[in-house]
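The structure appears below as structure tokens.
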Amino acid sequence: MEKAEIIKLLDLFSRGELNQGETAEKLSAMGLEELGFATIDTDRYRRTGIPEVIYSEGKTPGQVAEIALRMHSRGIPIMATRASREIYDAVAEAIPGAIYHEMARAIVNQPEKPVPSEKYIAVVSAGTSDMPASEEAAITAEFLGNRVERIYDVGVAGIHRLFHRVDLIRNASVVIVVAGMEGALASVIGGLVDKPVIGVPCSAGYGANFGGVSALLSMLNSCANGVSVVNIDNGFGAACQAHLIVKSSE
């Protein structure tokens, strides 16, 4: 539980707005809020440096809106991933300032945006079809307070496009590479830079791509040093890892 939240509870107790039992119950919750259908980890940011984020798939619009509203009432910045327009409408009704990033399928409400440092994360995509996962990575990294440079549609089918932007990629602190089809771009970039490369295998591709499995296996079998790999289409996970790398180097 954040120190400010504890002080607020003690203040409410001293003014008689909470009795002893209510105050003890809230303090004993230790950073959790039970909603019946969900348990919000309100202490996650202090513990890990990344706040609680709502994964929207499989949840109803009402459930996502209720979770977001409870977090908002505690001053926790809101991010919901894999959110449909219907879910956004429900969240926006509860939290009018919420913004929907359609390509990333992400909802964000962040009244106090962190000031990014000069260091930046490069998000590189092989093709335009990889943009949903690329934008999920970029929006997440920005939500966490990072400067992001987007370098899109520079895949191996036209490798000269990559070399045109290679200095921008090399100067990044971390490089996130999103690629479908055969997923070769992660290996190519891994052989060009001296920074951590995080591969995001993308589900874009024809039948033998197997929904991203071929790209996943290609990235896992990369012969380039310093390439790590997250799950298929997991731009969010890649951005969190990149954020922690940047933060640990400051």
**Request:** Test ILE176 against the stated conditions and say whether it is under 11 Å from SER125 (Cβ atoms), in contact with a strand residue (DSSP E or B) (Cβ under 9 Å, 6 or more places away or on another chain) and modelled with pLDDT of 95 or more.
**Result:** yes
**Request:** Identify the single condition in (1) small (Gly, Ala, Ser); (2) closer than 30 Å to PRO114 by Cβ; (3) modelled with pLDDT of 90 or more; (4) in contact with a Pro (Cβ under 7 Å, 6 or more places away or on another chain) that GLY226 does not satisfy, given that it satisfies every other one.
**Result:** (3)
**Request:** Determine if the stretch 26-39 includes at least one residue that is of a type in the set (Asp, Glu), at pLDDT below 70, within 25 Å of VAL64 (Cα to Cα) and in a loop (DSSP other than H, G, I, E, B).
**Result:** no
**Request:** Kindly indicate the residue of the stretch 113-134 that is among the small types (Gly, Ala, Ser) and surrounded by fewer than 20 Cβ atoms within 10 Å (Cβ to Cβ) and also farthest from SER203 (Cα to Cα) among those meeting that condition.
**Result:** SER117
**Prompt:** Among the numbered criteria (1) at pLDDT 95 or above; (2) in a helix (DSSP H, G or I), which single criterion is violated by ARG47?
**Reply:** (1)
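Within the stretch 89-121, how many residues are outside any loop (DSSP other than H, G, I, E, B) and under 16 Å from the mean Cα position of the chain (by Cα)?
Final tally of qualifying residues: 9.
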**Asked** Given the conditions (1) in a helix (DSSP H, G or I); (2) hydrophobic (A, V, I, L, M, F, W, C); (3) in contact with a strand residue (DSSP E or B) (Cβ under 7 Å, 6 or more places away or on another chain), and given that VAL124 satisfies all but one, which numbered condition is not satisfied?
**Response** (1)
**Item:** Which listed residue is closer than 21 Å to SER117 by Cα, surrounded by fewer than 21 Cβ atoms within 10 Å (Cβ to Cβ) and modelled with pLDDT under 95, from ASP167, ASP153
**Value:** ASP167
**Fill in**
When restricted to GLU182, GLU135, the only residue closer than 25 Å to ALA83 by Cβ, touching a residue at least 24 places away in the same chain (Cβ under 8 Å) and not aliphatic (A, V, I, L, M) is GLU135
**Fill in**
Exactly one of ARG165, ARG170 is among the basic types (Lys, Arg) and either under 15 Å from LYS247 (Cα atoms) or under 23 Å from the mean Cα position of the chain (by Cα) (or both), and that one is ARG170
**Prompt:** Quick one: how many residues across the stretch 60-88 are at pLDDT 95 or above, in a loop (DSSP other than H, G, I, E, B) and crowded, with 17+ Cβ neighbours inside 10 Å?
**Reply:** 2
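The values are calculated or read from the model by the stated rules, or taken from the named source; none is laboratory data. Here the structure is a predicted model, which is why all the values come from computation and not from measurement. Counting neighbours? That spans all protein chains shown, and the Cβs are built from the backbone with ideal geometry, glycine included.
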